[in-house]
Amino acid sequence: MTGKADFTEQEWDLVGEGPPTAGFIVLTAQRGGTFRESIAMAKAYTEARQQHGSSQLLDEIVSAKPDIDRTRYHSVDELKQNGLQRLREAVQLLEQKATPEEVENYRRFVLAVAERVAAAHREGGVEVSDAERAAIEEISSALGGGAG
């Protein structure tokens, strides 16, 4: 099993920031609902903690509060472009260090966070807006593999 000890501090930061980054990409895809969407991200982590034991990697990722350095990016577009690139890099790193099953579990968790955030606030009478759906598709593409 792969865990935090198998990574340098910088590598672990990259892997750990993936899920909240995906959540923030979706959160910023459409105006409105920021509070509900932030709560939804935290709930996704809480639910994942309750499934403790199925994956050491995910257990260690979700043991920390979902956090992203909001000052790192100066615009929504910069968050999206750099965030998607960081997701690609996180998956590439995991493909080198983790088992295929752990990589797939990571992809699924990142997408679950993004989808949970998208569904947290109805925009324009729909549960998931077109902008949020497009953001999720871009996240799925960045994650590669069977994530879509």
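The values are calculated or read from the model by the stated rules, or taken from the named source; none is laboratory data. In this text the structure is predicted, and so the values were computed from the model without any measurement. Here Cβ is always computed from backbone atoms with ideal geometry, including for glycine, and neighbour counts include all displayed protein chains. Surface accessibility is based on the protein's heavy atoms, side chains included, excluding ligands, DNA and RNA. Shrake-Rupley method; radii C 1.70, N 1.55, O 1.52, S 1.80 Å.
Can you name every residue in the range 94-103 that is surrounded by 22 or more Cβ atoms within 10 Å (Cβ to Cβ) and closer than 11 Å to MET1 by Cα?
ALA98
Determine which member of the set VAL103, VAL126, VAL117 is farther than 22 Å from GLN10 by Cα and more than 12 Å from the chain's Cα centre (by Cα).
VAL126
Looking at GLY16, GLY23, which is the one that is assigned to a helix (DSSP H, G or I), over 9 Å from VAL117 (Cα atoms), touching a Lys or Arg at 6+ places or on another chain (Cβ under 9 Å) and touching a residue at least 24 places away in the same chain (Cβ under 8 Å)?
Of GLY16, GLY23, the one residue that is assigned to a helix (DSSP H, G or I), over 9 Å from VAL117 (Cα atoms), touching a Lys or Arg at 6+ places or on another chain (Cβ under 9 Å) and touching a residue at least 24 places away in the same chain (Cβ under 8 Å) is GLY16.
Consider the range 99-135. How many of its residues are of a type in the set (Val, Ile, Thr), in contact with an Asp or Glu (Cβ under 6 Å, 6 or more places away or on another chain) and touching a residue at least 60 places away in the same chain (Cβ under 8 Å)?
1
Here are the criteria: (1) charged (D, E, K, R); (2) surrounded by 17 or more Cβ atoms within 10 Å (Cβ to Cβ); (3) closer than 16 Å to ALA112 by Cβ. Tell me which single one GLU11 does not satisfy.
(3)
Can you work out which of the residues in the range 128-143 that are of a type outside the set (A, V, I, L, M) and closer than 11 Å to LEU111 by Cα is most open to solvent (accessible area, probe 1.4 Å)? First the steps, then the outcome.
Applying the first criterion (of a type outside the set (A, V, I, L, M)) to the range 128-143 yields 129-130, 132-133, 137-138, 140-141.
Applying the additional criterion that residues be closer than 11 Å to LEU111 by Cα yields 137-138, 140-141.
Values: GLU137: 117, GLU138: 68, SER140: 20, SER141: 90 Å².
Residue satisfying both the conditions and the ranking: GLU137.
Conditions (1) more than 19 Å from ASP130 (Cα to Cα); (2) of a type in the set (Val, Ile, Thr); (3) modelled with pLDDT of 95 or more; (4) open to solvent by 50 Å² or more (accessible area, probe 1.4 Å), marked per residue:
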residue: GLY3; (1), (2), (3), (4): yes, no, no, no
residue: PHE7; (1), (2), (3), (4): yes, no, yes, no
residue: VAL15; (1), (2), (3), (4): yes, yes, yes, no
residue: GLY23; (1), (2), (3), (4): no, no, no, no
residue: VAL26; (1), (2), (3), (4): no, yes, no, no
residue: ARG36; (1), (2), (3), (4): no, no, no, yes
residue: GLU47; (1), (2), (3), (4): yes, no, no, yes
residue: ASP59; (1), (2), (3), (4): yes, no, no, no
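Of all residues in the range 65-78, count the ones that are surrounded by 13 or more Cβ atoms within 10 Å (Cβ to Cβ) and more than 13 Å from the chain's Cα centre (by Cα).
Initially, the range 65-78 is screened for residues surrounded by 13 or more Cβ atoms within 10 Å (Cβ to Cβ), giving 66, 68, 72-73, 76.
Filter once more, so that each one left must be more than 13 Å from the chain's Cα centre (by Cα): 72-73, 76.
Going through the range 65-78 one residue at a time, the tally reaches 3.
Within the bounds of the range 83-93, is there any residue that is farther than 24 Å from GLN10 by Cβ and open to solvent by 70 Å² or more (accessible area, probe 1.4 Å)? I'd like the intermediate steps shown before the answer.
From the range 83-93, those farther than 24 Å from GLN10 by Cβ are none; that's our starting set.
Looking through the range 83-93, none of the residues is farther than 24 Å from GLN10 by Cβ and open to solvent by 70 Å² or more (accessible area, probe 1.4 Å).
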